Amino acid sequence: MTRPTSRDVATAAGVSQATVSLVLGDKWPGRVSERTAAHVRETATRLGYRPNLAARNLRLGTTRTALLVVPALTNEFFARVYTGAARVAAEHGFGVVLYPSPDGTGPARDPFASARAALDGVIASSMAAHTLDAIGGNALPLVMLDSDPAADTAAAHVNLAMADGMRQITEHLLALGHRRFLHLASAVDSWTFETRAEALTALLGPDTELRTVRAPLTVDAARTAMETALATPQDRPTAIVCDDDILAAGACKAARRLGLRIPEDLSVTGFDDLALATAVEPELTTVHLPAERVGEQGMTALLAVLEGTPWTAPDIPVHLVVRDSTGPAPAP
């Protein structure tokens, strides 16, 4: 059997092809009666008609495809961002192509001969922003995730309330009596981590101590960095504030190897609230980041940009989840 065409639907319904196009393109209100529209849809369903999306997209000059650029899928956070973006895209007849960097934060090869020919727009994490040059993504409508809102390179920005998340952590630890802090910071040069560092520094008063140690975003790198930082008893902090749950897991491993008890001797906090946060023992106090909501809002913003509609939204709220890795500061 040959695939039914819009001409077949028009003939079976007793209407013109133009009417079929209006109805199936959802442009019929005010131009076709509701009764006729229902009849055309019923006829199309009965015949098993499916629109030729490739031909339609070629005719309209659009592919209804968005590219989501993320550092890597090894991080659960970005997998959840994709889930949220794909959900909103599907509701609007769009597809999402995922473009992870194989090296985590480094550039990957261009998967398209011409990004402009294959895509309608790009949603990109600030941690993978450099990849946009490789794919020509800067020439496309662009929505940036977790990036500097003052930058003018994107048509829209979607941000989490990172500074507020750091405020919640800091106030929690100060209330527990902690005054000697170590910031286990990500070695990735990104606006999102700079924002966290700036917020932590601004929140700590003159009666506190703050030391910063940087490490790549792996458990082993964090463990190695913390084994060195915690080796001398007189210089030890009472609280370690980590940029990420992965770094926090490494800090916990280092503490155990040095014979330090968590949270009796040392409190540790994370950021993200990954599945890892409840897999370690004790479970991590961390900031929950609604990753799927980031993806949903990113795709919503891109759809608005493609329609020529200005898009702005407040930062997505985050919240502290208190678990067993934090406790009162030990006595001097």
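Summary of computed values
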item: Linear extension gain, Arg257 paired with Ala150, 0.36 nm per residue minus alpha-carbon span; result: 34.2 nm
item: Dipole magnitude (debye, nearest 20) for segment 178-325, charges at Cβ of Lys, Arg, Asp, Glu; result: 540 debye
item: With every protein chain in place, the chain: carbon and sulfur % of accessible area (1.4 Å); result: 53 percent
item: Those GluC sites (Glu not before Pro) in segment 203-309 that DSSP places in a loop and that have at most 10 other beta carbons within 10 Å; result: Glu264, Glu307
item: Residue with peak Gaussian network fluctuation, the chain [Cα springs, cutoff 10 Å], from Ala187, Ala231, Ala37; result: Ala37
item: Helix-only CD estimate at 222 nm, as mean residue ellipticity for the chain, using -39500 (n - 2.57) per DSSP H run (n ≥ 4); result: -12000 deg cm²/dmol
item: Cα gyration tensor shape for segment 173-254, rounded if a/c is under 1.5, else prolate or oblate; result: oblate
item: Net +/- balance of residues flanking Arg211 in space, Cβ distance below 13 Å, scoring K and R +1, D and E -1; result: +2
item: Sites Gln234 and His288, calculated FRET efficiency, Cβ-Cβ separation with R0 30 Å, nearest 0.05; result: 0.30
item: Debye intensity ratio in log₁₀ form over the Cα atoms of the chain, taken at each q of 0.10, 0.14, 0.15 Å⁻¹; result: -0.67, -1.04, -1.14
item: Listed residues Arg256, Arg211, Arg46, most fluctuating in the chain (Gaussian network, C-alpha, under 10 Å); result: Arg46
item: Gain on full stretching of the segment that runs from His319 to Thr212 - 0.36 nm per residue minus C-alpha separation; result: 36.2 nm
item: Heavy-atom accessible area order for Trp28, Trp191, largest first, 1.4 Å probe; result: Trp191, Trp28
item: Protection proxy ranking of 238-244, 194-200 - average other beta-carbon atoms within 10 Å, highest first; result: 238-244, 194-200
item: Tensor-based shape of segment 230-270 (alpha-carbon gyration tensor, a/c under 1.5 rounded, otherwise prolate or oblate); result: prolate
item: Charge-dipole axis of the chain as Lys and Arg at +1 and Asp and Glu at -1 on Cβ define it, positive-most pick from Ala85, Ala229, Val318; result: Ala85
item: Calculated FRET value between Arg50 and Glu76, using beta carbons and R₀ = 45 Å, to 0.05; result: 0.80
item: In degrees, nearest ten, helix 191-203 long axis to first principal axis of the chain (Cα); result: 40 degrees
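The values are calculated or read from the model by the stated rules, or taken from the named source; none is laboratory data. In this text the structure is predicted, and so the values were computed from the model without any measurement. FYI the Cβ positions are ideal-geometry reconstructions off the backbone, even for glycines, and counts take in every protein chain you see. Ligands, DNA and RNA are excluded from the accessible area calculation, which covers all protein heavy atoms including side chains. Shrake-Rupley method; radii C 1.70, N 1.55, O 1.52, S 1.80 Å.
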